[in-house]
Amino acid sequence: MQAVQQKAPPMAQTQTMNIIQAVNDALKIQMRKDPRVLVMGEDVGKFGGVFRATQGLYQEFGPNRAIDTPLSEGGIIGTAIGMAIYGLRPVAEIQFADYIFPAFDQLVNEAAKYRYRSGGQYPCPLIVRTPYGGGIRGGHYHSQSPEAYFIHTPGLKVVCPATPYDAKGLLLAAMRQDDPVIFFEPKRMYRAAKGEVPTGDYEVPLEQAKVTREGKHVTLIAWGAMWHTVSEFAETLAKDGISAEVLDLRTLWPVDLTTILKSVEKTGRAVIVHEAPRTCGFGAELSALIHERAMLKLEAPVQRVTGFDTPFPYSLEHDYMPSVSRMRAAVDRTLNY
Amino acid sequence: MKTEEHSPEMKIDLLRQMLRIRRFEEKAAELYSAAKIRGFLHLYIGQEAIAAGAMRALTAEDAVVSTYREHGHALARGVAAAAIMAEMYGKAEGCCHGRGGSMHLFDVSKRFYGGNAIVAGGLPLALGLALADKLAGRARVTACFFGDGAVAEGEFHETMNLAVLWKLPLLLLCENNLYAMGTAIARALSETDLCKKAESYRMPAERIDGMDALAVAVASADATAAVRAGEGPRFLELTTYRFRPHSMFDPDLYRDKAEIAEWKKRDPLPRHIGRLKEEGLLDAAKIDAIERAVADELAQAVAFADAGTLEPVESLTRDVYARTP
Ligand SMILES: Cc1ncc(C[n+]2csc(CCOP(=O)(O)OP(=O)(O)O)c2C)c(N)n1
Ligand SMILES: [Mg+2]
């Protein structure tokens with residue numbers, strides 16, 4: 001057949017990367033293309049970042065575009081906001097998402113509202129990259145997943161890649177749009193998640209979820225590090241004859257409701273999995289949205305598997321994090337409803 | 001400092017406290033390699049003279065607010081070594097049931113208000129401890145430890161201002177080890193003379209050799225006495241150096257090998273031992289006896305932690321609220 005014989009487009013060159021390398025690659029590409037882009041944060045320059053995500057940027061772009069800051073989260077985000085509303089494209093790093101709170105005021109009251117407050121005169125194209133999540137025995141303050149605070153704040157976009165491919169493509173897309181983005185990176189998977197990543201430029205559009213596994217009995221919704229757990233879980237379900245569809249949201253807000261509803265309307269069941277505490281976690285909003293829009297297509301109430309409503313614990317971390325057995329119980333609840 | 005405080009016993013005790021911390025942390029590093037202690041571990045080795053010297057100035061009624069590099073503070077304050085070790089293991093028998101680990105040691109019986117993995121997080125709340133004492137007319141002191149890194153945070157400046165404005169019974173102890181993770185102090189602060197910074201808030205300040213246990217003890221006693229007498233807050237900058245990397249993950253690429261070696265020559269332990277020997281207060285047998293007592297305490301702490309149990313999952317939600325909803 002003609003179509004089959006046609007030469008496929010030349011395969012983009014790819015390279016095996018982990019998430020750290022993918023983030024680093026995205027920053028380098030965009031910094032080469034756009035002189036307005038710069039990175040700043042604690043030890044991001046000379047030292048290359050505590051997780052090494054900004055390694056080599058100082059050497060290539062110099063101290064004015066890979067700016068080392070002291071411990072000063074409010075100062076880092078505030079400065080980045082000032083540069084953003086003045087036409088630059090700062091990418092600030094907060095070493096751990098748990099340290100973002102000293103800058104909460106600047107993010108929620110300034111970055112999120114600058115465009116709106118100024119009647120659209122001052123866009124604030126700022127990116128805050130920050131590693132989030134548990135699973136590394138970090139205890140209370142090196143493990144949290146604070147995405148819901150920011151999703152709750154109109155004006156901020158919230159992105160959370162799961163794979164190296166998406167990390168690079170989403171970060172490139174984020175650096176090329178005009179709103180403030182909190183870019184949560186799954187630190188537990190920083191080096192563990194490896195994949196083929198195109199070496200050149202490409203974008204993964206924001207606001208698009210991805211169906212990473214097709215299925216017909218139940219939709220499993222996750223993002224970031226939990227997407228990996230959920231994907232492995234879907235494999236085990238398949239062995240038991242349960243066909244799960246898996247969604248990786250990728251952008252948490254604005255959320256891709258179209259893809260979610262399409263899947264849930266097909267399977268009639270949804271289980272949402274996240275690490276953050278349950279109450280007012282993003283799962284609550286997703287569940288509400290699904291019930292509001294797809295009530296009559298549902299075979300069972302939407303289920304949530306989440307962290308508990310407690311601070312993040314050190315020794316009981318693995319009981320705190322959504323486990324396969326808790327996910328299985330939730331799936332069974334939807335199937336046996 | 002009152003002369004009786006210069007007693008031989010006091011000098012020997014400084015040595016004992018420093019040794020307790022040093023040996024505890026050497027063991028902790030070993031246990032980390034054996035994966036018994038997990039997560040993050042920040043060693044205090046090199047800075048022991050500060051915890052040993054400063055803690056002596058406090059009474060049982062005073063309060064201590066600490067940082068994430070706080071094993072030494074907790075030990076010198078009298079928090080049981082076994083409870084600390086068990087906490088670092090994540091065991092239910094730990095001082096916080098294993099919920100926090102190394103960076104979150106608390107002990108209400110010692111008025112020890114915690115390690116804190118948020119840099120500068122403890123500073124503003126130390127104001128409240130001090131103000132409560134002042135309002136109640138109690139002659140208690142709140143001692144707040146923090147690193148040079150915290151000085152760049154907004155919380156530090158709010159604390160300095162309010163402490164002086166309200167003339168609070170607060171002793172601020174800045175352990176200046178010249179680095180905040182990979183950032184040398186000159187790359188972090190517009191004014192690296194921390195005493196000048198304090199003075200700009202009209203807070204009396206003094207720079208002390210933090211590698212000299214006796215000097216720290218004397219200065220802390222003087223400052224604490226002034227604070228207790230109602231003279232308002234005092235600031236001590238304790239110059240020091242951490243001999244180990246920032247944490248167990250840190251490749252320590254930002255510090256010169258020669259610089260580290262130079263500081264190791266000022267190791268507070270041999271220095272103090274040398275002084276005591278010179279003064280005829282110490283001989284090999286006595287050092288041996290102290291080392292043995294320290295080793296016994298440590299062995300018991302490790303055995304206690306090893307024998308500990310994990311908190312049952314059912315109690316995960318305990319202590320979130322007064323009553324679990
Ligand atoms: C608010 C906050 N920001 C960043 C960090 C990450 N961090 C942990 S320790 C540290 C350096 C602190 O330096 P310093 O206060 O001098 O204490 P030292 O490690 O030298 O004892 C940094 C940046 C943190 N824990 N909290
Ligand atoms: Mg320091």
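The values are calculated or read from the model by the stated rules, or taken from the named source; none is laboratory data. This structure is a prediction, so every number in the text was calculated from the model and none was measured. FYI the Cβ positions are ideal-geometry reconstructions off the backbone, even for glycines, and counts take in every protein chain you see. Please note that ligands, DNA and RNA were not included when accessible areas were found on the heavy atoms of the full protein model with its side chains. Shrake-Rupley method; radii C 1.70, N 1.55, O 1.52, S 1.80 Å.
Pull out a ≥ b ≥ c, the square roots of the eigenvalues of the alpha-carbon gyration tensor of the protein assembly as shown, then state rounded if a/c is under 1.5, prolate if not and a/b is larger than b/c, and oblate in the remaining case.
Taking the square roots of the gyration eigenvalues as a ≥ b ≥ c, the protein assembly as shown is prolate.
Would you mind checking the tilt of helix A:164-174 against the longest principal axis of the Cα atoms of chain A, expressed as 0 to 90 degrees and rounded to 10?
Helix A:164-174 and the main axis of chain A meet at about 60 degrees.
Taking each residue of B:144-155 in turn, how many C-beta atoms of other protein chains fall within 10 Å of its C-beta, and what is the average? Kindly include the intermediate steps, with their values, before the conclusion.
Values: counts 0, 0, 0, 1, 2, 4, 2, 3, 6, 7, 8, 2.
For peptide B:144-155, the averaged partner shielding equals 3.
How would you order B:206-213, B:130-137 from highest to lowest mean count of nearby Cβ atoms within 10 Å? Walk me through the intermediate numbers first.
Details: B:206-213: 22.1, B:130-137: 15.6.
Final packing ranking: B:206-213, B:130-137.
Measuring from a point 7 Å past the Cα of A:ASP319 along Cα-to-C-beta, which residues in segment B:78-96 have an amide N at less than 13 Å?
B:91-93
Roughly how many whole Å is it from the C-alpha centroid of segment A:190-233 to that of segment A:36-82?
28 Å
Given a 1.4 Å probe and no ligands, DNA or RNA in the count, how much accessible surface is buried by B and A, both sides, to the nearest 100 Å²? Each step should come with its number before you reach the end.
Values: alone 14380 and 14910 Å², together 26600 Å².
Answer for the B-A pair: about 2700 Å² buried.
Out of residues 5 or more away from A:GLN55 or on other chains, whose amide H comes under 5 Å of its own, with H placed 1.01 Å from N in the peptide plane?
Amide H to amide H, under 5 Å and 5 or more residues apart or across chains, A:GLN55 pairs with nothing.
Report, to the nearest 10°, how far helix A:282-294 tilts away from the longest principal axis of the Cα atoms in chain A, using its own Cα long axis and a range of 0 to 90°.
Around 50 degrees separate the two axes.
Quick one: accessible area per residue over the protein assembly as shown, 1.4 Å probe, rounded to a whole number of Å²?
Spelled out: the 1.4 Å probe surface of the protein assembly as shown, per residue, equals 40 Å².
Rank these residues by their accessible area, most exposed first, probe 1.4 Å: B:TYR321, A:TYR141.
B:TYR321, A:TYR141
Distance from the Cα centre of segment B:276-325 to that of segment A:138-176, in angstrom?
Distance between centres, Cα-based: 40 Å.
Take every residue in peptide A:73-83, count the Cβ atoms of other chains within 10 Å of its Cβ, and give the average of those counts.
What the average comes to for A:73-83 is 1.
Where in segment B:248-276 does the label zone of B:ILE287 land, with the point 7 angstrom along Cα→C-beta and an amide N cut-off under 12 Å?
Residues passing the 12 Å test: B:269-276.
For B:HIS104, A:HIS228, B:HIS157, write out the residues from largest to smallest accessible area, computed with a 1.4 angstrom probe and no ligands counted.
The residues order as B:HIS157, A:HIS228, B:HIS104, largest area first.
When averaged across all projection directions, what area in nm² does the alpha-carbon convex hull of segment B:3-303 cover?
Across all orientations, segment B:3-303 yields a mean hull projection of 15.0 nm².
Using a 1.4 Å probe on the protein heavy atoms only, what accessible surface does A:PHE233 show? Give it in Å² to the nearest 10.
0 Å²
Could you go through segment B:205-213 in sequence order and give the Karplus-derived ³J(HN,Hα) for each residue, using 6.51 cos²θ - 1.76 cosθ + 1.60 with θ = phi - 60°, rounded to whole Hz, and x for Gly and Pro?
9, 9, 9, 10, 6, x, 9, 10, 4
Taking every pair of alpha-carbon atoms in segment A:14-198, what share in percent sits in each 10 Å bin, from 0 to the bin with the longest distance?
Binned Cα distances yield the sequence 10, 41, 39, 10, 0.
With a 1.4 Å probe and all protein chains kept in place, how much accessible area does A:SER323 have, in Å² rounded to the nearest 10?
Roll a 1.4 Å probe over it and A:SER323 shows about 30 Å².
Apply the Debye scattering formula to segment B:1-149, with a single equal point scatterer on each alpha-carbon and no solvent, then give log10 I(q)/I(0) at q = 0.20 Å⁻¹.
-1.26
Using 0.36 nm times the number of residues separating B:ARG23 and B:GLU259, minus their current alpha carbon distance, what extension gain do you get?
82.6 nm is the gain from fully extending B:ARG23 to B:GLU259.
Taking the alpha-carbon centroid of each part, what is the distance from segment B:248-268 to segment B:37-55 in angstrom?
Answer, in whole Å: 15.
Using θ = phi - 60° and the Karplus curve 6.51 cos²θ - 1.76 cosθ + 1.60, what whole-Hz ³J(HN,Hα) does each residue of segment B:41-55 get, with Gly and Pro shown as x?
Once θ is set to phi - 60°, the couplings for segment B:41-55 become 9, 10, 8, 9, 3, x, 9, 4, 4, 6, 4, 5, x, 6, 5 Hz.
So, in nm, how far is label B:ASP222 from label B:ALA186 when the simple model puts each one 7 Å beyond its Cα toward the Cβ?
Spacing of the two 7 Å Cα→Cβ label points: 2.9 nm.
For segment A:35-50, in order, what is each residue's ³J(HN,Hα) by Karplus, 6.51 cos²θ - 1.76 cosθ + 1.60 with θ = phi - 60°, in whole Hz (x at glycine and Pro)?
My calculation for segment A:35-50 gives x, 7, 7, 8, 10, 8, x, 6, 6, 7, x, 3, 7, x, x, 5 Hz in order.
May I ask you to give the percent of accessible area on the protein assembly as shown that is carbon plus sulfur, with a probe radius of 1.4 Å?
For the protein assembly as shown, the apolar C and S fraction of the accessible surface comes to 54 percent.
Please compute the alpha carbon radius of gyration of segment B:257-325, then divide it by the globular-protein estimate 2.2 N^0.38 Å. Two decimals is fine.
Output field value: 2.00.
Under a no-solvent Debye model with one identical scatterer per Cα of chain A, what's log10 I(q)/I(0) at q = 0.15 Å⁻¹?
-1.24
Need the per-residue list for segment A:27-72: every residue with at least 50 Å² less accessible surface in the complex of protein chains than in the chain by itself, probe 1.4 Å, sorted by number.
By number: A:ASP43, A:PHE47, A:PRO70, A:LEU71.
Please report, largest first and rounded to whole Å, the three semi-axes of the ellipsoid equivalent to segment A:210-335, where each semi-axis is the square root of five times an eigenvalue of the C-alpha gyration tensor.
On the way: eigenvalues 90, 57, 34 Å².
Its equivalent ellipsoid spans semi-axes of 21, 17, 13 Å.
What residues of segment B:173-210 lose no less than 10 Å² of accessible area with every protein chain in place versus their chain by itself (probe 1.4 Å, heavy atoms only)?
Hits at the 10 Å² cut-off: B:ALA180, B:MET181, B:GLY182, B:THR183, B:ARG187, B:ALA188.
Using the crude model of +1 on Lys and Arg Cβ and -1 on Asp and Glu Cβ, and no other charge, please compute the dipole size for the protein assembly as shown relative to its Cα centre, in debye to 20.
Roughly 980 debye for the protein assembly as shown.
For segment B:179-259, how big is the tail of P(r) above 20 Å, as a whole percent of Cα pairs?
On the way: 1541 of 3240 pairs.
Of the Cα pairs, 48 percent sit more than 20 Å apart.
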